[in-house]
Amino acid sequence: MNIILLGPPGAGKGTQAQRLVEERGMVQLSTGDMLRAARTSGTEMGNKVAAVMDAGNLVTDEIVIGLIREQLEGDAVDGGGGNGFIFDGFPRTLAQADALGALLKELDQPLDHVVELQVDDEVLVERIVGRAKEAEAAGQPVRADDNEESLKVRLLAYYKQTSPLIGYYYAKGDLVSVDGLASMDEVAASIKGVLA
């Protein structure tokens, strides 16, 4: 089973993806992790990624799709990914969604569900800023961008680039929305219900 987790920054996509990895043995494909791994891999694709990132440029959709292709094909060859993939942080744009759809079709892989973690922005900002203050008070590390101003910038980017995917996948009949502001266990239970 292959799924996409959609939702704004701080909605809990990473947390829920991790639970699916642990509980179902799915493979989380996080583009950030893949880019960092590729950069140090020494492969041809890795060298491309390193050159682009070292120049301070954004990695192209073509490169990201190439990395995803390597993961899907590699796991098909070595028997991994048998329980499916979680696309986390990808696609972010309609062009990426089209490219991913074409790649999955070419590799004869399904896209089973697109799960949107729905949140209220004001509550989300309060939650993240509150979490950062609690961590700080406890002497724990705080993400540099877990403050109200950074979060609002990240939310704006999400709504400009990524939120059109909600309509895109809804029109294809793939979208299921769950309450992203419920407790972690309730969100996990909602996702489990979708994937059942």
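The values are calculated or read from the model by the stated rules, or taken from the named source; none is laboratory data. Quantities reported herein were computed from a predicted structural model and do not represent experimental measurements. Glycine gets a Cβ as well: all are built from the backbone with ideal geometry, and neighbour counts include every protein chain shown. Accessible surface areas use protein heavy atoms only, side chains included; no ligands, DNA or RNA. Shrake-Rupley method; radii C 1.70, N 1.55, O 1.52, S 1.80 Å.
Modelled with pLDDT of 90 or more and open to solvent by 60 Å² or more (accessible area, probe 1.4 Å), is that true of GLN28? It is false that GLN28 is modelled with pLDDT of 90 or more and open to solvent by 60 Å² or more (accessible area, probe 1.4 Å).
Residue pairs whose Cβ atoms lie under 7 Å apart, sitting 6 or more positions apart in sequence or on different chains, and linking a residue in the range 154-177 that is within 28 Å of ARG143 (Cβ to Cβ) to a partner that is in a helix (DSSP H, G or I), are LEU155/ASP121; PRO164/LEU94; LEU165/LEU94; LEU165/ALA97. From VAL178, VAL194, which residue is touching a Ser or Thr at 6+ places or on another chain (Cβ under 8 Å) and surrounded by 14 or more Cβ atoms within 10 Å (Cβ to Cβ)? Among VAL178, VAL194, only VAL178 is touching a Ser or Thr at 6+ places or on another chain (Cβ under 8 Å) and surrounded by 14 or more Cβ atoms within 10 Å (Cβ to Cβ). Looking across the range 31-44, just one residue is of a type in the set (S, T, N, Q) and surrounded by 17 or more Cβ atoms within 10 Å (Cβ to Cβ), and that is THR31.
From the list ARG143, ARG127, the lone residue that is without any contact (Cβ under 8 Å) to a residue 60 or more places away in the chain and either surrounded by 18 or more Cβ atoms within 10 Å (Cβ to Cβ) or under 15 Å from ALA11 (Cβ atoms) (or both) is ARG143.
The single residue among ASN57, ASN47, ASN83 that is touching a helix residue (DSSP H, G or I) at 6+ places or on another chain (Cβ under 8 Å) and open to solvent by 40 Å² or more (accessible area, probe 1.4 Å) turns out to be ASN83.
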